[in-house]
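One structure below.
The values are calculated or read from the model by the stated rules, or taken from the named source; none is laboratory data. Just so we're clear, the structure is a prediction, and the values are computed from it rather than from any experiment. Every residue, glycine among them, receives a Cβ derived from its backbone with ideal geometry; neighbour counts consider all protein chains shown. Heads up: the accessible areas ignore ligands, DNA and RNA and are worked out on the full protein's heavy atoms, side chains in. Shrake-Rupley method; radii C 1.70, N 1.55, O 1.52, S 1.80 Å.
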Amino acid sequence: MKGVIAAGDKQTAAAGKEILELGGNAVDAAVAAVFASFAAESVMTNIGGGGLALVVDRNSPNGIVYDFFVNMPSGQVRPGMDFHEIVSDYGPEQVPLHIGRASAAVPGLVPGLCTLLEERGTFQLKDVLAPAIRMARQGVILSHSQEYVIDFLTPIYVDTPEITRMYSQSGEPWKAGQQHVFPELADTLEQLARDGVASFITGESASAIVADQKENGGLITAEDLSTYQVHHLEPIRVNYRGFELLLPPVPSSGGALIAFALKLLEFVAVDQFEHNSVEHVRVLAEVMRLTSAARPTWDTPALSADERIARFLNETHFSKYQEMLRAILSGQAAPSEPRSPREPDHTTHISVIDAEGNMIGVTTTAGESAGFVVPETGICMNNMLGEADLHPNGFHTLPPGERVTTMMSPTLVLKDGKPILTLGSGGSSRLRSAIFQVLSNMLDFKLPLSEAVDAPRVHFEDGILQLEGGIKDGVADELTTKHNYKVNRWPGRNMFFGGVHATAKENEHWVAAGDARRGGVGMIV
């Protein structure tokens, strides 16, 4: 075996598999897969976005986080800039979003991936870019899950003539099963292969981004791109029932919130319950409720990152909530839950482990897309400045250069100091409940990886208990009549509940599982 990979599309995974077959390590394969995802999963992520990676390898056996998420740009906020509202139709919910040039934050994906490859990989940039260039040039097949996204985000994909052309065929929207090419993106990736990361910092791609921003009411400047920094961070470490979990710190909120939820769950012998029984679901729901109730303690940006972690994850703090959990499960009233901020839903994740035991998880996003294409580049930009809930103090109020926060949380698990599992998910606030449940499925219930990923999920938020299809009807009935939950029943599996793509060691063999909710696949090389 040379390695295993799990990703959000079989074409993305195939790019990483190709590099593993050629002798690349886990980082080589992950970087190749991420670049390929800009064509294969272009409605979930793109080259104009940001990401986080968590790596365990020989040089960093205790783990290291690469933060290449997006920054607030330094351009002058002014009347007339390109920043406008659209409404996306999610079916049961109509969600306002802002798009346009001034919704784009400073992208970090290219510097981040190039830094990862240079510091942790073994292949040259041109070699790991080869699969992505070929896919963009020759074409990729749209999955059903991505067609679903295009459908409810139609206002974004028809906002400008350029993005309309990019996502249509013969004047009609790109449909699942159809092949589509991205020739300008292929040209941009070929330029990156020739010129290296400089093309996105000071070179032709950077110049094209800045010119488009300047001419069309954006905020990103040449200095924003040339001074962008990839950050190397120590992961959050939390022990859970004899396992050590590594999660990302600030700018991620998801890492700390998942860690907090696990410390609450550890208080309950959850494995004594039947999986997804009334008792089990109640525990999950109340852990999610209490984690949301505790979140305001985490959202204290005046403190340093280390101070926030120490304050939020100290035993005195979470033990108070453990006692609240015990009281709720014994029949006492639950506390009120603050409204959870809405995060970008269009996110994807890649997990890779190689034969040497090197392990990496990479989560990337571009929000919902800013609705335009940088001319002659095929570069779509993120709309991270247009997400109202990421900017509670108002749009464009962050200081220039400050990282925008994210829920993304690539997660690694170690046993006796050795990596055994890596996973991550897309899905806004649901990504943390998805990761949390897959971890518990494996570490508490000892489910095989594929079953742990596929098992029906629950999500509790804003007073509503969401139950995914596959959970017995009697469970929903009892939760409603006996325990007074407001329950929303889903007919089947749905991408609302995240998309966990994971690799793990199982019975001394490495395995991979992609989440079918978001078109995911796992491959063994």
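One table, with the values for the structure above:
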read-out: Cα Rg, Dmax, the range 148-290, angstrom units; value: 23.4, 62
read-out: Carbon and sulfur %, accessible surface of the range 279-360 computed with the full protein complex present, 1.4 Å; value: 49
read-out: In order through the range 241-246: 3J(HN,Hα) via Karplus (6.51 cos²θ - 1.76 cosθ + 1.60), integer Hz, x for Gly, Pro; value: 6, x, 9, 10, 10, 10
read-out: Heavy-atom accessible surface of the range 432-525: percent carbon and sulfur, 1.4 Å; value: 49
read-out: Where the chain is the region considered: accessible area per residue in Å², 1.4 Å probe; value: 37
read-out: Label-point separation, E234 to A176 (7 Å along Cα→Cβ), nm; value: 4.6
read-out: Fully extended contour minus Cα-Cα distance, from A198 to L303, at 0.36 nm per residue; value: 34.4 nm
read-out: ³J(HN,Hα) computed for each position of the range 505-519 - Karplus, 6.51 cos²θ - 1.76 cosθ + 1.60, integer Hz, glycine/proline x; value: 9, 9, 6, 6, 10, 7, 10, 9, 9, x, 8, 5, 4, 10, x
read-out: For E461, distant residues with modelled amide H under 5 Å away; value: Q466
read-out: Karplus-derived 3J(HN,Hα), 6.51/-1.76/1.60, for each residue of the range 287-292, Hz, glycine and proline x; value: 5, 5, 4, 5, 5, 5
read-out: Cα pair distances exceeding 19 angstrom across the range 74-215, given as percent; value: 64
read-out: Relative contact order of the range 1-131, defined on C-alpha pairs under 8 angstrom at six or more residues apart (%); value: 26
read-out: Proximal lysines relative to K175, as straight alpha-carbon distance under 30 Å, when same-chain residues fewer than 8 apart are discounted; value: K10, K17
read-out: Relative contact order %, the chain, counting alpha carbon pairs below 8 Å whose residues are six or more apart; value: 24
read-out: Restraint check, K2/K418; K320/K418; K320/K415, Cα-Cα greater than 25 Å; value: K320/K418; K320/K415
read-out: Stretch gain in nm, segment E21-S336, where the contour uses 0.36 nm per residue and the Cα spacing is subtracted; value: 108.2 nm
